[in-house]
Every structure is written in structure tokens, then in C-alpha cells.
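A quick write-up on the structure given underneath.
The values are calculated or read from the model by the stated rules, or taken from the named source; none is laboratory data. What you see is a predicted model; the values in this text were computed from it and never measured. Glycine also receives a Cβ, built like all others from the backbone with ideal geometry; neighbour counts cover every protein chain displayed.
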Amino acid sequence: MNTENIDAGASTGELTYLALGDSYTIGEAVPAAGNFPNQLVGILKNKGLKVAGPKIIAVTGWTTSELQDAIRAEKLNRKFDMVTLLIGVNNQYRGESIDSYKKEFTALLQTAIDFARGDASKVFVVSIPDWGLTPFGKNSGRDVAQISKEIDEFNAVNKAISKDRNVSYTDITPASRLAGSDNSLVAEDGLHPSAKMYLDWAVNVAPSVEKVFLKH
């Protein structure tokens, strides 16, 4: 779990950023600078936003319930200017039910909103990517089409909940499926995204953040 930058931005006038998730947030198999939150910060800085390095609460393998447990255990009592949330692939991988995911994601999204001082416009949800088309997925012995179907079902849930609460939602799932024909989008472990794919996610999330924080 990344606990760096916990106080960054508090006294410098920079926007503070909390990133919640799993391997897709911590950036398993890529350098920290190449993960999605850090690349998002870089893009925002290039757009003229002063953003502190992200506070990341994410561990490879976490489900929604494990992320929520970790947040409670951390006893983080500060607020943030912006929060991203990307969680659910491990619920799907372990065969957990859509109903339990719906309940747990709803609670997590509220937690994210609370961290953003109750302002839903400062929370940015990212869809679950499709791991089934990666080399690992293709060699996993599982039905790739079924994986995609289930990922779509989980994403239908997190999208509906996000929209119901007026939270920004970025769908990176179709682009993640390009990994099936482009190995440059996959990290050396054959499963997780490369820094190149994370950059694409950051590029797609950035406009929603800019819309909130950049005054034209």
C-alpha cells in the first residue's frame, strides 16, 4: 500500500488526490511513475493544475470488501480535493455475486464521496478493464467470452450507481480489450496493463477532472 505524500498539498496550495483501488491503481508490474494515478497527476500538471502526488490505498488482489476494510484500518481522517475509484475485477475473478458487489461498491462510492468532503463532483470512477484478453487470460483455462460478459455485468452495476449519484464515470473497458491484439498494452507479467495503457486511462479521465477544477 502506498502511504507516500499523505500530507502533500496540505500546505502548498496543491490539490490533494486520493486513489482507491487494487492492482490497476497501484500499478502492479510497472514502475510507480507509470501507474494510472501518477500519470493522471502528470497530465493535470501539464494542463496547469497544481496537484500533489497521489495518496494511494490499493493492493493487488483486493476486492471491494477488502478495500473497504483497509480504508477503515488506515483510519485516514483527512479530506481530499479529488478521489478516484477503480475496483471490482477481483470480485469477478473470485466468482463473487453481482448482488454483493452492488452493495459493497455502493458503500465504497459513498466512502469516496465522504473523502471528497461530500462533493460527488470531485469523485471519478473508472470502469473495470477486461483481463480475459491478456496472455494470462487466454492461457487461464477460463472462457474468455464469459470473462468479458461478467466484466460487462459488473461494469453495468458500477456505472449505474455512479450515474445515480452524479459521479463522473470513465469507461476504459473497450480500450482495455485492445490488449488482445497489442502486446505493448500489457506489462511483462502478461496480465496487468503496461504504462502505455495506464497513460490512455489517465488521458481519458483527465478531461472530467479538468472540467471541475480548471476555470476558463
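Test residue 121 against the stated conditions and say whether it is more than 30 Å from residue 214 (Cα to Cα) and of a type in the set (S, T, N, Q).
no
With respect to the numbered conditions (1) at pLDDT below 95; (2) within 29 Å of residue 157 (Cα to Cα); (3) not aromatic (Phe, Trp, Tyr), which one is the sole condition not fulfilled by residue 12?
So residue 12 meets the others, but not (2).
Can you name the residue in region 194-216 that is touching a Phe, Trp or Tyr at 6+ places or on another chain (Cβ under 7 Å) and not hydroxyl-bearing (Ser, Thr, Tyr) and, of all such residues, is farthest from residue 81 (Cα to Cα)?
The extreme case among them is 201.
Out of everything in region 158-209 that is free of Cβ contacts under 8 Å to residues at least 60 places away in the same chain and among the hydroxyl-bearing types (Ser, Thr, Tyr), what residue ends up being farthest from residue 27 (Cα to Cα)?
In this case the residue turns out to be 162.
In region 155-186, which residues are of a type in the set (Gly, Ala, Ser) and more than 14 Å from residue 129 (Cα to Cα)?
160, 162, 168, 181, 184
Quick check on region 171-184. Is at least one of its residues in contact with a strand residue (DSSP E or B) (Cβ under 7 Å, 6 or more places away or on another chain) and more than 18 Å from residue 151 (Cα to Cα)?
no
Working only within region 111-122, note down all residues that are over 15 Å from the mean Cα position of the chain (by Cα) and of a type outside the set (Lys, Arg).
Step one: list which residues in region 111-122 are over 15 Å from the mean Cα position of the chain (by Cα), which gives 114-121.
If the condition is that a residue be over 15 Å from the mean Cα position of the chain (by Cα) and of a type outside the set (Lys, Arg), then 114, 115, 116, 118, 119, 120, 121 are the ones that fit.
Suppose we filter region 181-207 for residues that are surrounded by fewer than 18 Cβ atoms within 10 Å (Cβ to Cβ), small (Gly, Ala, Ser) and on the phi < 0 side of the Ramachandran plot; how many remain?
2
Please go through (1) closer than 22 Å to residue 147 by Cβ; (2) free of Cβ contacts under 8 Å to residues at least 24 places away in the same chain for residue 103 and return the number of the only condition it doesn't satisfy.
The failed condition is (1).
Given the options 89, 83, 51, 30, name the one that is at pLDDT 95 or above, over 23 Å from residue 192 (Cα atoms) and either in contact with a helix residue (DSSP H, G or I) (Cβ under 7 Å, 6 or more places away or on another chain) or not hydroxyl-bearing (Ser, Thr, Tyr) (or both).
Matching residue, one of 89, 83, 51, 30: 51.
Take region 35-91 and flag every residue that is of a type in the set (S, T, N, Q) and over 16 Å from the mean Cα position of the chain (by Cα). Write out each step before concluding.
Initial filter on region 35-91 (of a type in the set (S, T, N, Q)): 35, 38-39, 46, 60, 63-65, 68, 77, 84, 90-91.
Residues satisfying the conditions are 46, 77.
Need pairs with beta-carbon distance below 9 Å; first residue part of a helix (DSSP H, G or I) and within region 13-42, second among the acidic types (Asp, Glu) and at pLDDT below 95; sequence gap 6+ or separate chains.
32/4
Please enumerate the residues belonging to region 168-208 that are closer than 16 Å to residue 126 by Cα, of a type in the set (A, V, I, L, M) and in contact with a Ser or Thr (Cβ under 8 Å, 6 or more places away or on another chain).
172, 197, 205
For residue 90, only one of the following conditions fails: (1) in contact with a Ser or Thr (Cβ under 6 Å, 6 or more places away or on another chain); (2) polar (S, T, N, Q); (3) under 17 Å from residue 122 (Cβ atoms). What is its number?
(3)
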